[in-house]
Each structure stands twice: as structure tokens, then as C-alpha cells.
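What follows is a short report on a single structure.
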Amino acid sequence: MDVRSGTAVCGEVELFYEDLGDPADPAVLLIMGVGAQLPMWPDGFCARLVERGLRVIRFDHRDTGLSTKLTGRRAEGSVYPRVLRYLVGRGSPVPYTLVDMAEDVRGLLDHLDVGRAHVVGASMGGMIAQVLAGRHPGRVLSLGLVMTSAGTPFSSVPRLRVIRLAFGAPAGDAPLEEKLAHEVRNISIINGPNFLPPVDHLRRRVQELRTRSDYPQGMLRQFDAILGTGNLLRYTRAITAPTVVIHGSQDPMVRPRNGRTVARAIADARYIVIDGMGHDLPEPVWRPVVETLTENFATTPARYRSTIRTA
């Protein structure tokens, strides 16, 4: 698989990206979630898209991976008032919001000279994708929203076992082995019991990501970006691109009801539930996710679409 990498200057930040496949093929831009580096779009998942005649672009958000770190920026005061405001759909003052992160994405498309792209966002990436598609409809050929939410008031909260993860993190000076074990446990809980990769696979994944970049402060600022933006419906309802919303039936982080709410807010959007899928992209779900996305790519107006292989 042909891989090109580089850095795009997007306003005040530089984003590291990988550009896979034939540059002449239709572009698919993949946007990942909180603290998730670009390898969280697995190589095998990306390869399946490339095999279907698509150019695949994945990248590190600001404050993540090999992109710019906004060290020293922080929201004032305790996070708990921001959480309470978010639960009723209100934003808060924060260093940057999902709108800023959506503008980063637009800057990346500009850098790559991609006028229109199929956009696929997962978790927080799906929220950023909603903002991008609502604010800049001319840049989005189609929209795939995976395990995400619109931040509407009184959305379903994560399951208790996920909430507990925030209170059980090892101390900063804890042994590396303890930190690795905690992160592997976190992934196992978020993934859910179905399609769970072997522990040694999860451990290797955590180690590789830590080696690539270990910057937990950035994840906290991205979480604040969600809280600071608040309810996304003003963007979600403005989406005109053909949209499919994909959710796992066993997602403990972003509950399926939240995905259904997103789909209802977008004209003619389809809502697809993948049985047994949690809040991750393990190999057994690649086929149904890729097939669903590819079907949606093919619904774009013919004048914008070159050949996309569907099998």
C-alpha cells in the first residue's frame, strides 16, 4: 500500500498525516476520537478502503501524536461545572473547541488540495465531522459517523464501568507496568466483551502508541474541547451530505441511543447498528463497517463521484 506522510500547517497548529493509496482516487478523510493517534485507524481497516479504490487520509489531531502540542493551555477552574453545563447542552470557556478542531481538518484538506472528501469520524471525530459538514457542506461528499453523539441535553451517559475508569488511574509516578496494565484494562472495557483481541495484542498496541507519543495532557484538553462546544445540533441539522450513522449494540462509552439521536437530526440519514460492537474497531467489525461506508460513498451525486469498487 502506497503511503505518503507529511505535516500540514493549519492555522496555529501543524498536523501530521498519512495519505494512503492512489492520489487520483476519491479521498476518504478519517477523523479519530479523544487522544487517539492516527494508528487507531488500523492499517488493515485502511487497507480495505484502499482496496476498494479509495484514497485514505488519517492524521493526528492537535495535542495528539506527532502534531502540535499546545503545552500550558488550560481551562480555568474545576472540570465538574463544565461537565454539568455540557449535560444540559451548554458550552464553557476552554482553550479550544470542536469548531477549532474542525477548522484544523479543513486546513488539512486545503494542504492536500482536496476540494471534497468522503468524511468518516469516530467518537469525538464524529462530532468534529458533524461540525465540519454543517459549517462547510461544500467540502463533504458523504458523511460516516461511527459511535458518536451530538452532545444533546440529557444524552445517555457512559455505563458505570466506564465512568469508574476516570477514578482508577495510577499515580503519575506509578511503575510503567502498572500503567500499561491499566490502559489494557481500559481498552478491554471500552471494546466490550465481544470481538476482544488477545491481551498480548492489546498490550503491544498500548506500548507502540506510548512509544510514538505519550502526552496525556492533550487528551484532557480535547475532552475540554467537547465540553466547551456543548450541543452540536446547530451543526448537525445543517448537514446536507448523504449520511450513515453506525453504532455498536454494546457500546459502553457512547450509548446507541445517542447515535440514533444524531441520525434523526440529519435529513435522510441511515442508522445502522452492528451487533456486538463496542467502542472500538477490532478486526471482526471491519467488514460490516467498511461495507456500510462504501455503500454510503456510492450515494453521492454522480458529478462528484469517480469509480468506487464495492466488492
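The values are calculated or read from the model by the stated rules, or taken from the named source; none is laboratory data. Treat the numbers as computed from the prediction; the structure is a model and nothing was measured. Every residue, glycine among them, receives a Cβ derived from its backbone with ideal geometry; neighbour counts consider all protein chains shown.
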In the range 109-146, residue nearest to HIS61 (Cα to Cα) [restricted to those that are buried (at least 24 other Cβ atoms within 10 Å of the Cβ) and out of contact with any helix residue (DSSP H, G or I) (no Cβ under 7 Å at 6 or more places or on another chain)]: GLY125
Answer from LEU66, LEU20, LEU29 - the residue that is within 14 Å of ILE128 (Cβ to Cβ) and within 19 Å of the chain's Cα centre (by Cα): LEU29
Contacts under 6 angstrom Cβ, first residue in the range 1-13 being more than 14 Å from VAL105 (Cβ to Cβ), partner of a type in the set (A, V, I, L, M) and surrounded by 12 or more Cβ atoms within 10 Å (Cβ to Cβ), 6 or more apart: MET1/LEU20; MET1/ALA47; MET1/VAL50; VAL3/LEU20
Tally, over the range 264-292, of residues that are in a helix (DSSP H, G or I) and either over 21 Å from GLY192 (Cβ atoms) or of a type in the set (D, E, K, R) (or both): 5
Qualifying positions in the range 112-167 - under 23 Å from ALA267 (Cα atoms) and at pLDDT below 90: PRO153, PHE154, SER155, SER156
Residue list for the range 196-216, restricted to those being surrounded by 19 or more Cβ atoms within 10 Å (Cβ to Cβ) and of a type in the set (Phe, Trp, Tyr): none
Cβ-Cβ under 6 Å pairs, at least 6 apart or on other chains, the range 144-164 side at positive phi and of a type in the set (A, V, I, L, M), far side at pLDDT 75 or above and assigned to a loop (DSSP other than H, G, I, E, B): MET147/SER123; MET147/ASP251; MET147/VAL254; MET147/HIS279
Qualifying residue in the range 217-237 (condition: out of contact with any Cys (no Cβ under 7 Å at 6 or more places or on another chain), of a type in the set (Ser, Thr, Tyr) and surrounded by fewer than 22 Cβ atoms within 10 Å (Cβ to Cβ)): no
Residue check, VAL119 farther than 22 Å from ASP224 by Cα and under 12 Å from the mean Cα position of the chain (by Cα): yes
Filter result for VAL99 (touching a Ser or Thr at 6+ places or on another chain (Cβ under 9 Å), under 19 Å from ARG237 (Cα atoms), surrounded by fewer than 24 Cβ atoms within 10 Å (Cβ to Cβ) and of a type in the set (Val, Ile, Thr)): yes
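Condition check: surrounded by fewer than 16 Cβ atoms within 10 Å (Cβ to Cβ), farther than 21 Å from ASP280 by Cβ, modelled with pLDDT of 95 or more and not acidic (Asp, Glu). Does PRO170 satisfy that?
no
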